[in-house]
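Q: First the structure, then my questions, so here it is.
Any read-out appearing in this document is the output of simple, stated calculations on the displayed coordinates, not a laboratory observation. If you're wondering where the values come from, they're calculated on a predicted model, not measured in any experiment. Reconstructed Cβ throughout: ideal geometry from the backbone, glycine too, with neighbour counts over all protein chains shown.
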Amino acid sequence: MTSVLNVDTIAAKDGTSAATLTKQYAAKAWVNGDTDASILDSNNVSSSSDIGTGHYNYNFTNNMVNALYAGSGASEAGAVIFGLNSTNKTTSGCRARNVNHADTDSDQKHGLITHGDLA
């Protein structure tokens, strides 16, 4: 016998909060950022700052348990590499960098995803 579960919303026991993911490997934070670090859309990202050409800082709404989380990113321009700056990861946020094919910092629209455990 097979079962089907059809739902529109899953909430915590209080009926209003989002359900907590445990033992699952869903992204814990993501952001779609503009060239000036403004947030176009996000989850678990509270604020951002442009700290120089191609350099962006993002702060988490809910902290990670430690700074050992993983992240990946993509940029709008095809010849640009975007990713986390591993020396500037903290439990409360991270720094990201855009570099073009000539290894020059470059402002581009971008997306960033982090995976790890929330505190």
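Q: Can you tell me the length gained on complete extension of the stretch N43 to D103, counting 0.36 nm per residue apart and subtracting the Cα distance? Before the final figure, lay out the partial values.
A: Values: separation 60, 0.36 × 60 = 21.60 nm, distance 2.97 nm.
Full-extension gain reported as 18.6 nm.
Q: Residue by residue, what Karplus-based ³J(HN,Hα) values in Hz, rounded to whole numbers, does the stretch 60-71 have, using 6.51, -1.76 and 1.60 with θ = phi - 60° and x for Gly and Pro?
A: The phi angles translate into 7, 5, 10, 5, 7, 5, 7, 8, 9, 6, 9, x Hz.
Q: Given DSSP loops and a limit of at most 13 other Cβ atoms within 10 Å, what is the longest stretch of the chain that contains no such trypsin sites (Lys or Arg not before Pro)?
A: Details: sites that count: K13, K23.
Value returned for the longest uninterrupted segment is 24-119.
Q: So who's got an amide H within less than 5 Å of the one on K28, skipping anything under 5 residues away but keeping other chains? H placed 1.01 Å off N, in plane.
A: Result for K28 returns T114, H115, G116.
Q: Based on the Cβ-Cβ distance of N32 and L5, what FRET efficiency does E = 1/(1 + (r/R0)^6) give at R0 = 35 Å, to the nearest 0.05? Don't skip to the answer; put the middle values down first.
A: Details: r = 30 Å, r/R0 = 0.86.
The calculated FRET efficiency here is 0.70.
Q: Where the Cα atoms of the chain are projected onto their three principal axes, how long is each span, largest first, in whole Å?
A: That works out to 58, 29, 23 Å along the principal axes.
Q: Relative to the Cα centre, what is the charge dipole magnitude of the chain, using +1 at the beta carbon of each Lys and Arg, -1 at the beta carbon of each Asp and Glu, and rounding to the nearest 20 debye? Walk me through the numbers before you get to the answer.
A: Numbers: 7 positive and 11 negative charges, 99 e Å.
Here the size comes out at about 480 debye.
Q: Checking the cross-link filter: which aspartates and glutamates have an alpha carbon closer than 12 Å to that of K28, excluding same-chain neighbours under 8 positions apart?
A: D117
Q: Considering amide H positions built from the backbone, and no H for Pro or chain starts, which residues 5 or more places from G83, or on another chain, come under 5 Å of its amide H?
A: Answer set, sorted by chain and number: R97.
Q: Do any chymotrypsin sites (Phe, Trp or Tyr not before Pro) in the stretch 20-119 lie in a loop, going by DSSP, with at most 15 other beta-carbon atoms within 10 Å of their beta carbon, and if so which? Before the final figure, lay out the partial values.
A: Details: sites: Y25, W30, Y56, Y58, F60, Y69, F82; in loops: Y25, Y69.
In loop regions of the stretch 20-119 (DSSP not H, G, I, E or B), the sparsely surrounded chymotrypsin sites (Phe, Trp or Tyr not before Pro) are Y25.
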